[in-house]
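Report on the structure given below.
Read-outs throughout are calculated quantities, based only on the coordinates presented, and are distinct from any laboratory measurement. Small disclaimer: the values here were computed from a predicted structure and weren't measured. Note that each Cβ is placed from the backbone with ideal geometry, even for glycine, and that neighbours are counted across all protein chains shown.
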Amino acid sequence: MKRDGFNVSLWQGRPAFIPKNTTLPAGKQDVVIVGGGITGITTALQLQKAGKKCTLIEAQEIGFGTTGGTTAHLNTMMDTPYYEIRQKFNSEAADKIARLSESAITLIRSNVKEYGIDCSLSTKPGYLCAKDDKQADLLDKILQSCQEVHLPATCATSVPTPTPYIKAMQIQEQAQFHPLDYILALAQHFEAIGGHIIHDCRMTGFSEEDKLLTIQTSKGDVKADALIYATHIPPGVNMLHFLCAPYRTYAIAVKLKGDNYPDALIYDLDDPYHYFRTQEVDGERYLIAGGEDHKTGHEENTHERFKCLEAYVRKYYDVDHVAYQWSSQYYEPADGLPYIGHLPGNPDNVYVATGFGGNGMIYGTASAVILTALITKGESEYGTLLSPDRVKPMASMGNVMKEGATVTKDMITGWLSIPKLEEAAGLAKGEAKVVKYEGKTVALYKDNNGALHAVNPACPHIKCSVGWNNAEKSWDCPCHGSRFSYTGELLTGPSSSDLEKIDLREE
Ligand code: FES
């Protein structure tokens, strides 16, 4: 399977999904869903089961985005602790998020059972560990707030990990699975009950007349009563682009020399935190470790993050070798809760689900529950709390807006000389940089054969200047997280077009 990066994740050794259809359906659809990750596929299946006629369009292929790069922790202990949700919202909100996270795991279990999906779904205990007094105080607050929202959390006397801790808590009824085995099966069942999936179909825009949407795509137009963006951040320019900050996170899957694989989901309280679990794939056991997160486009040497993560794991585990390493992207919401519901500034029948933080499997699945209720009943019990239209704290919004970086306005016309650019950039094979050349700003990459690839670094979204991600060999935008291959091809939005390619000649 393909993914939005150079590295291969533990999950990708599956054959690509082959949709039954290659062209858009001729008739009007009830709902068009954009994006073939866990959010889009679960939502499409739920809506189709509820009697809606649905088409899911995916610019690349099923699992291409973050779902193909997750570490697939199914947890009710969310990245935004319940005490923080209570402080920022209220107690009822904290309680609702706990119930929502439980319902997401319940829905995954019920889908696995109903469709007989073989995705290694298993229930595990989760552990959160504190390694010093300051972290122990934080752990106490997290534990107490988990108990206040009636989650099965207790003090832990021991944790199945060699990593250091002075205090820990345990939470029951967490789970894990193989995310691509799960969504590939859901996609199959969605088609089996009449849904359409169209690959290589990029949405380019839409218009609305009398509540009927005409959705324009690279494969033609399709009419629909409702549209859902399940693309993380939606395209265009929207308030959500200033409320959701893109982050990269890193994962490795290692083989251990011994048998010390933890039979649990384990987290520490470092900032950014580390997380561990074990997964068997095709008869082989792996320890999956994750962490080293940073804001997208704000790290000079992303490859170094893998080295740091590996060094951390090797310090405590007897590692034989690193079998896989990969990174992926998520969006951190300004106030700690995701945005699921009507997309502000758009017709009432346009919806979005984004800002999942590090809880994409849970909030992606929960989005299906919420969006299905909103579309079929006109309301959801979580609608107001998670509505993207909710009042935003201005202080948080200001912080997220500052995530932006250099804005580039240069237009690059004509062609550029390869020898002169070579001289100006001085790149070794496999290196990239943004260079100033004859008053122009050029993003250059020299591939392993010595060929230069030049693109305009101005991100087509709103012209922030992209930065090089040497781990995934991509140009990443620090403002809202668009990503592009080294040849400028769009990997993930919100941009809806490629970086401008620059014509290079030998003179
Ligand atoms: Fe918004 Fe690049 S993603 S400017």
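Over the stretch 181-242, Cα pairs under 8 Å with separation of 6+ residues give a relative contact order of 17 percent. Put a dot 7 Å past the Cα of Lys211, heading toward its Cβ, do the same for Asn449, and the two dots end up 5.6 nm apart. Phi angles of the stretch 471-478 translate, via the Karplus equation with coefficients 6.51, -1.76, 1.60 and θ = phi - 60°, into HN-Hα couplings of 6, 10, 6, 9, 9, 10, 8, x Hz per residue; Gly and Pro are given as x. Stretching Ile18 away from Asp200 to a fully extended chain increases their span by 64.4 nm, per 0.36 nm per residue minus the current alpha-carbon distance.
Would you kindly calculate the translational diffusion coefficient of the chain, applying Stokes-Einstein with the Kirkwood radius from alpha carbon pairs, for 37 °C and a viscosity of 0.692 mPa s, and quote it in µm² s⁻¹ without decimals?
Working: Rh = 23.5 Å.
So the translational diffusion coefficient is about 140 µm²/s.
Both radii come from the Cα set of the stretch 1-115: Rg as radius of gyration, Rh as Kirkwood radius; their ratio Rg/Rh reads 1.03. With the alpha-carbon atoms of the stretch 85-222 aligned to their principal axes, the span from lowest to highest coordinate is 59, 37, 25 Å, starting with the largest. Dimensions of the stretch 291-337 along the principal axes, based on C-alpha atoms and rounded to the nearest Å, stand at 40, 25, 17, largest first. Exposure proxy shown here: for His189, His294, the number of other Cβ atoms within 10 Å sets the order, fewest to most, as His294, His189.
Note on Lys88 and Asp271: the extension gain reaches 63.8 nm, defined as 0.36 nm multiplied by sequence separation minus the Cα-Cα distance.
Using packing as a proxy for protection, rank 37-44, 223-230 so that the peptide with the highest average count of other Cβ atoms within 10 Å comes first.
Working: 37-44: 30.2, 223-230: 23.1.
My ranking of the peptides, most packed first, is 37-44, 223-230.
Per residue, the convex hull spanned by the Cα atoms of the stretch 199-339 amounts to 178 cubic angstrom.
Return the FRET efficiency for the residue pair Ser417, Lys295: r is the Cβ-Cβ distance, R0 is 41 Å, and the value is rounded to the nearest 0.05.
Numbers: r = 35 Å, r/R0 = 0.85.
Calculated value: 0.70.
Using just the helices of the chain, give the 222 nm mean residue ellipticity in deg cm²/dmol: DSSP H runs with n ≥ 4 each add -39,500 (n - 2.57), and the total is spread over all residues, rounded to 500. Intermediate results must be reported in sequence, preceding the final value.
Values: 11 runs with 131 residues, N = 507.
-8000 deg cm²/dmol, from helical runs alone.
Peptides 472-482, 298-308, 25-35 ordered by packing proxy, namely the average of other Cβ atoms within 10 Å per residue, highest first: 472-482, 25-35, 298-308.
Isolated cysteines of the chain, defined as having no other cysteine beta carbon under 4.7 Å away, are Cys54, Cys119, Cys129, Cys146, Cys155, Cys201, Cys244, Cys308.
Pairs to check: Lys52/Lys219; Lys113/Lys219; Lys88/Lys315; Lys2/Lys463. Give those whose C-alpha atoms are more than 29 Å from each other in this structure. Beyond 29 Å: Lys113/Lys219; Lys88/Lys315. The calculated FRET efficiency for the pair Ser218 and Asn260, based on their C-beta separation and a Förster distance of 60 Å, comes to about 0.75.
Exposure proxy shown here: for Cys129, Cys155, the number of other Cβ atoms within 10 Å sets the order, fewest to most, as Cys155, Cys129.
Computed from the C-alpha gyration tensor, the three semi-axes of the ellipsoid equivalent to the stretch 414-455 are 16, 10, 9 Å, from longest to shortest.
Of all the Cα-Cα pairs you can form in the stretch 420-490, what percent are over 17 Å apart? Considering the stretch 420-490, 37 percent of its Cα-Cα pairs are separated by more than 17 Å. With viscosity 0.890 mPa s and temperature 25 °C, the Kirkwood radius over alpha carbon pairs of the stretch 100-147 converts through Stokes-Einstein to a diffusion coefficient of 184 µm²/s. All alpha carbon pair distances within the stretch 277-317 were sorted into 5 Å bins beginning at 0; the resulting P(r) in whole percents reads 5, 20, 23, 19, 17, 11, 5, 1. In summary, the stretch 134-199 shows an alpha-carbon radius of gyration equal to 1.81 times the 2.2 N^0.38 Å reference for compact globular proteins.
For the cross-link pairs Lys53/Lys211; Lys257/Lys473; Lys96/Lys377, which exceed 21 Å when the distance is taken from alpha carbon to alpha carbon? Violating the 21 Å Cα-Cα cut-off are Lys257/Lys473.
Counting pairs of alpha carbon atoms under 8 Å apart in space and at least six apart in sequence, what relative contact order in percent does the chain give?
Values: 1167 pairs, mean separation 88.1, N = 507.
Value for the chain: 17 percent.
Of the chymotrypsin sites (Phe, Trp or Tyr not before Pro) found in the stretch 1-86, no site is in coil according to DSSP while having at most 14 other Cβ atoms within 10 Å of its Cβ.
Can you give me the span-like helices of the chain, meaning DSSP H runs with 30 Å or more of Cα extent along the axis and Kyte-Doolittle mean at or above 0.0? Intermediate values should be presented prior to the final figure.
Numbers: long enough: 91-115 (36 Å, -0.28).
Sorted by number, there is nothing, because no helix extends far enough and scores high enough.
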